[in-house]
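The values are calculated or read from the model by the stated rules, or taken from the named source; none is laboratory data. Note that the coordinates shown come from a computational prediction; the quantities given were computed from them, not determined experimentally. When we count neighbours, we look across all protein chains shown, and the Cβ atoms used for this are built from the backbone with ideal geometry, even at glycine. Just so you know, the surface numbers come from the protein's heavy atoms only, side chains and all, with ligands and any DNA or RNA stripped out. Shrake-Rupley method; radii C 1.70, N 1.55, O 1.52, S 1.80 Å.
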Amino acid sequence: MKTSHLPRSKNIPSVVLIKQHFSVPKEADVREATVRELKKLFPDTTAIKGKIVGLTCPSRGIRDIAQVLITAVSFLKPHCKEVRILTAMGTHGGGTSEGERAMASDRGVTEEAVGTRIFSNMETRYIDTVNDVEAHVSEDALACDLVILTNRIKEHTDIDWPEPLPEGFYGLESGWTKILALGASKLRAIEQHRHIPTIGLGAAIEISSRRIIEGKELVIWGGLGIIENARDETAEIISARAESADRFFAIEAQALARSKELMPAMPVRTVDVLYCNSLGKDLSGQGMHTKTIGRSPYGYQQGKPWKSTMPAIYTIVGSRLSPGSHGNAIGVGLCEFITQRFDEEIEWDRTTLNSLSALCPCQARRPIVCEHDRDALEVALAMSPSGPDGPRMVFIHSTLKMEHALLSESLLNDARANSNLETLSDPSPLRFSSDGYVDLESYFRFGH
């Protein structure tokens, strides 16, 4: 849209480059760590002789997911009849087999790479209803003799557990239970999401997963999990047998607690304008991590944090949709402004499907579209609050990558007072490319 007639500020403040110092434990060798954990799952490989073993493949952009799956296939293949990769992406692949395969391919998971067949059919089977929660499982998983739940264990953008936890629940979020209850239920993930207003999504996935694990329809052998550090690197590879749901859930809960301690955080708590270069499904379930930006996926009030422990951000500018999202821009509704290039990258049908199945249609709402970053920032500054020292602005690549960031000059004292922040430059004018986009890569690199 044309924004030339809108109020705007031409005074974009100078910025400083900072580095945040996070705890970044790292597995020295992902392949060796995966083999180590598989040996714990299968101390006696005769247990899988003549069996078809399924390995789930998630939709998220997990750095080492391809390496973990390739290693697992290589380890298991000599001992069993067949290893199958099972795409388990809920509605994230646009609700099609081809969409799930495309997302898996983006993660480096192809039949050629992993050395075995990939199954991505969308058919599911109803298992049971427990406490009004339906359990559904993909027919591909049911065709296997046993399944290993492979996924990253991390905070989930949509899950909000009450405190204290309800009796009998473990407070699980994104991990083994989620990929079983949501990922492997394909489009029937809506059966869990519909419980968000009542018992909550976390409780629904635990109820559904418990029924499947304790049932006879499908053998869940165990889980192979990835915990990542604040640099998007593999901090831990873990495993657990699913001999009982309670023991399995308890191990996942312990892993989730460790993962939360390693999550990257915003460098300051109060922000007038946040510039996020990249949003996307491969970066976070809602494009940006809701608990990092302090905005609920089910609606928010500008400048009011979702929880008291989260940042208060008044205005968010989204610059582009990541290619790995395949057009799924769920979470775009968390922004006040986006650029023309962002808007053009959105596939609204795919975005709508994911938003509706997640019971957050507001996250498919279209923000105000500006020509480019400079245009968006000028309009955002004009309508945002500003303190006596000037606007409090933060520039990040994404909520997944925040080791480096740019802060407006007004935040320099905050940066110097924080022992976990290192100031790497003096204040200088914000650099733009010739076509009006923030030249963030001239300050720090985005890639792995």
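A few notes on this one:
- Filtered residue count, the range 27-45, keeping only those that are open to solvent by 50 Å² or more (accessible area, probe 1.4 Å) and touching a strand residue (DSSP E or B) at 6+ places or on another chain (Cβ under 6 Å): 1
- Set 206, 167: member being within 26 Å of residue 141 (Cα to Cα), at pLDDT 95 or above and among the acidic types (Asp, Glu): 206
- Any chance residue 54 is at pLDDT below 95, open to solvent by less than 30 Å² (accessible area, probe 1.4 Å) and not aliphatic (A, V, I, L, M): no
- On inspection, residue 143 fails the criterion of being modelled with pLDDT under 95 and within 20 Å of residue 54 (Cβ to Cβ).
- Strands (runs of 3 or more DSSP E) contained in the range 117-201 and holding at least 2 residues open to solvent by less than 10 Å² (accessible area, probe 1.4 Å): 133-138, 146-152
- Within the range 47-65, the set of residues being β-branched (Val, Ile, Thr) and farther than 23 Å from residue 82 by Cβ comprises just one member, 62.
- If you go through the range 327-383 and pick out every residue that is touching a Lys or Arg at 6+ places or on another chain (Cβ under 7 Å) and among the small types (Gly, Ala, Ser), you end up with 3.
- Only one of 18, 62, 48 that is in contact with a Phe, Trp or Tyr (Cβ under 7 Å, 6 or more places away or on another chain) and either under 20 Å from residue 185 (Cβ atoms) or open to solvent by less than 20 Å² (accessible area, probe 1.4 Å) (or both): 48
- The listed residue being assigned to a loop (DSSP other than H, G, I, E, B) and touching a helix residue (DSSP H, G or I) at 6+ places or on another chain (Cβ under 7 Å), out of 318, 327, 333: 327
- Qualifying residue in the range 319-330 (condition: farther than 30 Å from residue 16 by Cβ, among the polar types (S, T, N, Q) and crowded, with 19+ Cβ neighbours inside 10 Å): yes
- Looking at 2, 26, 51, just one residue is charged (D, E, K, R) and closer than 24 Å to residue 278 by Cβ, and that residue is 26.
- Residue check, residue 146 under 21 Å from residue 227 (Cα atoms) and in contact (Cβ under 8 Å) with a residue 24 or more places away in the chain: no
- The residues of the range 268-312 that are more than 18 Å from residue 158 (Cβ to Cβ), open to solvent by 20 Å² or more (accessible area, probe 1.4 Å), in contact (Cβ under 8 Å) with a residue 12 or more places away in the chain and hydroxyl-bearing (Ser, Thr, Tyr) amount to a single one, 270.
- Among the residues of the range 232-247, those that are surrounded by fewer than 18 Cβ atoms within 10 Å (Cβ to Cβ) and farther than 27 Å from residue 20 by Cα comprise 241, 243, 244, 246, 247.
- Taking residues in the range 234-262 that are closer than 18 Å to residue 204 by Cα, and partners anywhere that are of a type in the set (D, E, K, R) and open to solvent by less than 30 Å² (accessible area, probe 1.4 Å), the pairs with Cβ atoms closer than 8 Å and at least 6 places apart or on different chains are 249/206; 256/154; 256/173.
- Here 426, 414 are screened, and the one residue that is among the acidic types (Asp, Glu), part of a helix (DSSP H, G or I) and either free of Cβ contacts under 8 Å to residues at least 40 places away in the same chain or farther than 16 Å from residue 276 by Cβ (or both) is 414.
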